[in-house]
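Each remark here refers to the structure printed beneath this line.
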Amino acid sequence: MRKPLVMGNWKLNGTKQTVKELIGAFAEAANKAGDKIEVAICSPAVFIPLVEGAAAGSKLQYGSEDCDIHTQGAYTGENSPTQFKEFGCKYAIVGHSERRGYHKESNEYVAQKFKSAQDNGLIPVLCIGESESEFEQKKTMDICKAELKAVIDLCGIAAFEKAVIAYEPIWAIGTGKTATPEIAQDVHHQIREYLKSFDAAVADKVQILYGGSCNAKTAPELFGQPDIDGGLIGGASLKVADFTSIIETAAKL
Ligand code: PEP
């Protein structure tokens, strides 16, 4: 039985005041939800020490939105997985479509980030998903498989025993165009089937989150699908009422 995971991704948003207001409220909601689900927030790196303080003693976990492939050295502007670990991070998002797109991160480079995060004690949250034109050309699974295969080639299928996958159709991210529960379930199922072709036990165990304009309204039906194990939430994780409601939805599963 897979535990639902609700994870927020703040992207390049927030202030010190946001951290105070939101983390306090989310920590309370996570405590209320108890051990039935996991709740986490991935914030800009600069806020992580503040998140660490605000989440201390609660069930709320936290992580980074990205991490470098190196642990230290002359890599100006980067943050390493060991640094995130030192500040109590549990998770590191890797391969978000905004990084793949704006920063031209290849599948192979994302796989190196996945490995670096995992080798240094973080749980990588591997984002995969197709663009709108790829969706229209019915290339969704070709894209997802290639993004997964790069990680399998570098790290092996067993690496997904301690990792999370987030299926995020790019056409749904920040657009308000949530994938229908049928579309999302179908892709999640196919992702699991693909992983099964390497190792059935790993495929059965890995949490696959849905991301892309998931909100308080759409979460109940999405999370009700058999292969959807929670959500990676962007915009709605910056609103107390919305994210709290999504946490409550997952806790009822
Ligand atoms: C995301 O960026 O991971 C995301 C899912 O964003 P949004 O919920 O705003 O579409």
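Tabulated data
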quantity	calculated
Global form of the range 85-184, assessed from the alpha-carbon gyration tensor, a/c cut-off 1.5	prolate
Gained length - residue 3 relative to residue 20, 0.36 nm times residue gap less alpha-carbon distance	3.4 nm
Ellipsoid semi-axes in whole angstrom, largest first, where each is sqrt(5λ) of the Cα gyration tensor of the chain	25, 22, 17
Euclidean distance of C-alpha centroids, the range 144-183 and the range 202-245, integer Å	13
Calculated from backbone phi, Karplus (6.51, -1.76, 1.60) coupling profile of the range 94-111 in Hz, x at Gly/Pro	10, x, 4, 4, 5, 7, 4, x, 5, 10, 6, 7, 7, 4, 5, 5, 4, 4
Inter-probe distance in nm under a simple model that places probes 7 Å from Cα toward Cβ, at residue 13 and residue 72	3.6
Surface share of carbon and sulfur [accessible, 1.4 angstrom probe, percent] for the chain	52
Accessible area (Å², 1.4 Å probe, nearest 10) - residue 99	60
For the range 222-228, 3J(HN,Hα) per residue [Karplus equation, 6.51 cos²θ - 1.76 cosθ + 1.60, θ = phi - 60°, Hz, x = Gly/Pro]	4, 5, x, 7, x, 9, 9
Whole-Hz couplings from phi, Karplus 6.51/-1.76/1.60, listed for the range 140-147; x for Gly and Pro	3, 6, 4, 5, 4, 5, 5, 5
Protection proxy ranking, peptides 228-235, 11-18, 183-190, 67-74, average beta carbon neighbours within 10 Å, highest first	228-235, 183-190, 67-74, 11-18
Long pairs among 11/85; 20/90; 11/177; 36/149; 149/205, criterion Cα-Cα beyond 23 Å	36/149
For residue 79, distant residues with modelled amide H under 5 Å away	68
Accessible area (Å², per residue) of the range 5-252, counting only protein heavy atoms and a probe of 1.4 Å	44
Computed FRET value (nearest 0.05) for residue 52 with residue 158, which takes r as the C-beta separation and R₀ as 45 Å	0.90
Rounded, prolate or oblate (a/c below 1.5 giving rounded, otherwise prolate when a/b exceeds b/c) for the range 205-253 by Cα gyration tensor	prolate
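The values are calculated or read from the model by the stated rules, or taken from the named source; none is laboratory data. Keep in mind that what you see is a predicted model, and the values were worked out from it rather than measured. Please note: Cβ atoms are built from the backbone with ideal geometry, for glycine as well, and neighbour counts cover all protein chains shown. Please note that ligands, DNA and RNA were not included when accessible areas were found on the heavy atoms of the full protein model with its side chains. Shrake-Rupley method; radii C 1.70, N 1.55, O 1.52, S 1.80 Å.
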